[in-house]
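Encoded as structure tokens, the structure appears first; notes follow it.
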Amino acid sequence: MMKILLVSDQSEYSDHSAVEGLFRKAMEPHAEVSIVYFSRVVKIPNLARGRIILPHSAVRRGLVAMLGKLLDLQQYNFVIVRNHFSALAQVLAAHLTAKVGFWESFPHSYRRLEEAYLHRRAIWRKRIEYSWRARREKALVSRCDFYLPVTRVFRDEFHATLGIPFHPTPMGIDLSLLPELREGAPDDGSLRFVYIGTIDALRRCDMVNQAFMAVSGDFVLDYYTGSDNEIVDAIRNCGDPRIRVHDALPRAELFRELAKADVGVCFVPLTRTYIVSNPTKTIEYCALGLPVLSNNVPEYEELLPDDTAFLTDFDYDKIVGRIESVLALSHTEIRAIGKRARGRVLAEREYSVLAERLSAFLSSLPESTR
């Protein structure tokens, strides 16, 4: 059985969907997996209950030396680093016998540049910083044996000339965590929309909220977010009693709330930051039987056929029209669309399916040329 060391980007108390669901659980029949987490509290590296906890400083220095005191690194067939380029640089410099891969889930460096343009602050400095970071990041990834972008579009947008094997490794769903689904709810009452996750200016959440406010109809829109900023305040104080803002909830409790809703909301502008995206919430909505109300992100267009989702352009008038078309449907019709979305997502994104595909990819890799 292959042995994998995953250097995650998570803290010691993380319950990250893909790190835990894919690597800790679903990969178990295919590989022996050790996972590294980083702590801002722990000072001494330790190994407990299969979790390797290192001080957060190890992201930038001392990573391999600390791991070497806890593990026999030469026993691993694969070392996968998630998102931390500084950690990747250390792993590559160690010249391990294992094949090294990089798992990238979000363009963090580019996002900082996009934020500078949005707020019109420090644009030249951020452009120079991004130019330097992009060259460094591409150089590091090119030295790997394989690349795991969260979507195929991510690879095409940020690493189009990359000459190493790659395998899209998206967010998925752990079927064992889902609550019992609602069946046969009455076809009356307010239609309940729900949004989970980050709320900020970059996502244009304020514009989407204004589109909901412009629609006449009997509905409720519930936001569940850990964000705390002026956009959240504006939505909370928008004056529309149909729109409510709640604090973020633990996953199990959140899933129970989602199971009571009718439609999941997930709009992102098609900027370079988000065109490559694969938000977990979209997969979770669908897995719970909620059709998604969103714009035409490439990942959604590929994953969700027309009869499984409510997709439209990222345009105020188009969003208003799409909301109105959803409100014209009955609860029964919406549940039928959600049921098809659930079937599609479980067939393509259940973590056992993703694990089988990832295992096949890793097994097919040629000998390392590093």
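We did not get these values from a lab; they are worked out from the coordinates using the rules stated. Because the structure is a prediction, the values reported are computed rather than measured. Cβ placement follows ideal geometry from the backbone for every residue including glycine, while neighbour counts extend to all protein chains displayed.
Charge tally around residue 326: other residues with Cβ under 10 Å, Lys/Arg +1 each, Asp/Glu -1 each, net -2. Pairs from the table (260/281; 260/318; 99/126; 3/43) lying more than 25 angstrom apart at Cα are 260/318; 99/126; 3/43.
Annotation for residue 42 and residue 207: the two label points, set 7 Å from Cα along the Cα-Cβ direction, are 4.3 nm apart.
Annotation for the stretch 110-194: GluC sites (Glu not before Pro) lying in DSSP loop with at most 11 further Cβ atoms inside 10 Å of their Cβ are 180, 183. Using 7 Å Cα-to-Cβ label points, what is the residue 331/residue 363 separation (nm, one decimal)? Simple spin-label model gives 4.7 nm for this pair. Across the chain, Cα pairs under 8 Å and at least six residues apart give a relative contact order of 16 percent. Could you tally the net charge around residue 250, taking each other residue with its Cβ under 14 Å from the Cβ of residue 250, Lys/Arg +1 and Asp/Glu -1? Here the charged neighbours net out to -4. Shape class of the stretch 307-349 from the alpha-carbon gyration tensor: oblate, with a/c at 1.5 or above and b/c at least as large as a/b. For the stretch 87-190, the fraction of alpha-carbon pairs lying more than 24 Å apart is 46 percent, rounded to a whole number. Over the stretch 155-281, Cα pairs under 8 Å with separation of 6+ residues give a relative contact order of 34 percent. From the Kirkwood radius over Cα pairs of the chain, Stokes-Einstein at 10 °C and 1.306 mPa s returns a whole-number translational diffusion coefficient of 72 µm²/s.
Between the C-alpha center of the stretch 336-370 and that of the stretch 149-172 there is a gap of 14 Å. Largest first, the three principal axis extents of the alpha carbons in the stretch 187-301 are 37, 31, 28 Å in whole numbers.
With a Förster radius of 22 Å applied to the C-beta separation of residue 72 and residue 25, the computed FRET efficiency comes to 0.35.
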